[in-house]
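The values are calculated or read from the model by the stated rules, or taken from the named source; none is laboratory data. Keep in mind the model is a prediction, meaning the values are calculated, not measured. For neighbour counting, all protein chains shown are included, and Cβ atoms are generated from backbone atoms with ideal geometry for every residue, glycine included.
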Amino acid sequence: MFIYGYSFLKGNSIFQNNKSIYVVYQEVEGLIPGAKVSINGLNIGKISKIDFLPNTTRILVTMEVRKELDFSSESAAMLYETGLIGGKAISIIPLFDKQKVVQSGDTLKAQVKPGLTELINRQIEPLQLKIESMLSSADSLFSGVSNVLDNGTQTNLKNTLENLFITTNNLNKASIAVVKILDHNQEQLNATFSNIKDTSDNLKSITDSISNAQISYTLKQFTKTVEGLNQIVSTIELGEGTAGKLINDEKLYQNLAEASKELESLLSDFKNHPNRYVHFSLFGKKEKPYNKEEN
């Protein structure tokens, strides 16, 4: 009874025969003898032995499963994690083929399902690479900043900050002074704004008056005057009327030009020989005849 009870607690049955089947893995960390073997979560057996495959470093796992199971020997045995602290177990992914029912001594195909830790590591690895690259860039940046910010540069930067502080204080003082000026001249400013408003109202009144004036009538009269002037100019250009004849008559122009020349000659002769035109004698001197000069 003791032996039966011990075997029952370990998952063994001394009255039932099982099939011994095998699977080979490259690595089985976390898998121990006695771990369960299941199909779709139903326990169908256990791991009975784990050891090296002769003359290799691969791991041979021996499983004891129920004899009545008739899945195919082409089925796969997947190694998976049962939980963060639950270790590992094997789940059979069954294929059914009555011509290839699994028998004791058959070897199933090996599969490994990534565990939670491995999945996390896969997700973290790219992030780790990015963080390492970022830290390297930050280190290079800090090195460059350290090279740029030498003692002289640091001194200049401090002086710049001090000057900026002084400028800010001056601006604050100036703003305070402006506020005081505005407070002291509030009445004058109000009066100025009132005057501006009155001036604006007056300008508006003036513009309204101008807009209401008889501008259209004035423009019409001006248009009529311009038309009359155009008509007069056209008449003069056509040579009609006294002004047109005076302007357009070429003979009149020539006569005026000849008269002007004659007048110019007369004045010149009068200046050169005034005695010819003005005679004064106490004894009645005889008048000399007029002799025309050739030149």
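Would you pick out the residues in the range 59-94 that are outside any loop (DSSP other than H, G, I, E, B), within 60 Å of the chain's Cα centre (by Cα) and among the β-branched types (V, I, T)?
I90, I92, I93
Picking from G30, G86, G5, which residue would you name as being closer than 22 Å to T107 by Cβ and modelled with pLDDT under 90?
Going through G30, G86, G5 in turn, just one is closer than 22 Å to T107 by Cβ and modelled with pLDDT under 90: G30.
For the range 100-143, which positions are on the phi < 0 side of the Ramachandran plot, at pLDDT 90 or above and not basic (K, R)?
Listed by number, the residues that qualify are V101, V102, Q103, S104, D106, T107, L108, A110, Q111, V112.
A quick yes/no check of all residues on (1) touching a helix residue (DSSP H, G or I) at 6+ places or on another chain (Cβ under 9 Å); (2) in the same structural domain as N17 (by TED's automatic domain parsing); (3) of a type in the set (S, T, N, Q); (4) closer than 11 Å to V23 by Cβ:
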{"position": "L69", "(1), (2), (3), (4)": "no, yes, no, no"}
{"position": "S72", "(1), (2), (3), (4)": "yes, yes, yes, no"}
{"position": "A76", "(1), (2), (3), (4)": "no, yes, no, yes"}
{"position": "A89", "(1), (2), (3), (4)": "no, yes, no, no"}
{"position": "F96", "(1), (2), (3), (4)": "no, yes, no, no"}
{"position": "K109", "(1), (2), (3), (4)": "no, yes, no, yes"}
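For the range 76-83, check the following and say yes or no: at least one residue is at pLDDT below 80 and either under 26 Å from G41 (Cα atoms) or exposed (fewer than 10 other Cβ atoms within 10 Å of the Cβ) (or both).
Checking the range 76-83: at least one residue is at pLDDT below 80 and either under 26 Å from G41 (Cα atoms) or exposed (fewer than 10 other Cβ atoms within 10 Å of the Cβ) (or both).
Output yes when any residue across the range 96-107 is among the aliphatic types (A, V, I, L, M) and without any contact (Cβ under 8 Å) to a residue 40 or more places away in the chain, and no when none is.
yes
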